[in-house]
Amino acid sequence: MPTKVLIYIKVHIINPTKNFMTRIEQFVKEQADYYGRRRNSLMPILQAVVQSERYLSEEAMVAVAEELDLSTADVFGTASFYTFLDTVPRGKNIIKVCKTITCHMKGKDEIISTIEDQLKIKLGSTSSDGRFSLLQANCLGWCHKGPVMLVNDEIYTEITPEKTVEVIRDYLKKTK
Ligand code: FES
């Protein structure tokens, strides 16, 4: 079992009289009230946390495990399996460039270099002002219109370096 999981389990065992809820525990409880406390409620609740917090903190994952009566390792395992469930803090805008074969052949590397140059960040990192994270994603389901880029929930198809610069410029204006 990972050390981090053990630390959290220990904290909860030595603190059984805890009778207040943190903000994230309250949020997870509300999601569980809405989605239910079955095994198949796990994914929508994790997604709701990511949407709200922009990533899954350890505290959030422990809270989800407790609400759904699952093992912490189970929740950590699910979170680390799916790339869209971020477990590290990300920027306000998350840019994902499809890395799968069709988009790769249609020039995704050029798109990534363009973004790296424009935002002065490296693939996999977040800008120092916290405005952007640049990541790769598996197939986004628009292979016939590659290369494809996702910014937050907005999909951009048949993206070129020129179009990329324009799109990023718009987000730079929108996100001060
Ligand atoms: S390969 Fe890029 S969207 Fe499918």
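The values are calculated or read from the model by the stated rules, or taken from the named source; none is laboratory data. Because the structure is predicted, anything quoted here is derived from the model rather than measured. Note that each Cβ is placed from the backbone with ideal geometry, even for glycine, and that neighbours are counted across all protein chains shown.
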I need the full set of residues from segment 85-109 which are closer than 24 Å to Lys174 by Cα and away from the ligand (no atom under 14 Å from the Cβ), in order please.
Asp86, Val88, Pro89, Arg90, Gly91, Lys92, Asn93, Ile94, Ile95
Yes/no for Ala65 being of a type in the set (A, V, I, L, M, F, W, C), in contact (Cβ under 8 Å) with a residue 60 or more places away in the chain and not assigned by TED's automatic domain parsing to the domain that holds Arg169
no
Hey, could you check segment 141-157 for residues that are among the charged types (D, E, K, R) and more than 9 Å from the ligand (Cβ to nearest atom) and say which is modelled with the highest pLDDT?
Glu154
(1) within 16 Å of the ligand (Cβ to nearest atom); (2) closer than 20 Å to Glu166 by Cβ; (3) crowded, with 17+ Cβ neighbours inside 10 Å; (4) not hydroxyl-bearing (Ser, Thr, Tyr): which one isn't true of Leu135, the others all being true?
(2)
Answer residue from segment 72-89, given it is of a type in the set (A, V, I, L, M) and in a helix (DSSP H, G or I) and is surrounded by the most Cβ atoms within 10 Å (Cβ to Cβ) among those:
Val75
Reported set for segment 34-64 where residues are more than 28 Å from Ser133 (Cα to Cα) and of a type outside the set (S, T, N, Q) is Tyr34, Tyr35, Gly36, Arg37, Arg38, Arg39
Report the residue count in segment 90-145 for those that are part of a loop (DSSP other than H, G, I, E, B) and under 19 Å from the mean Cα position of the chain (by Cα).
19
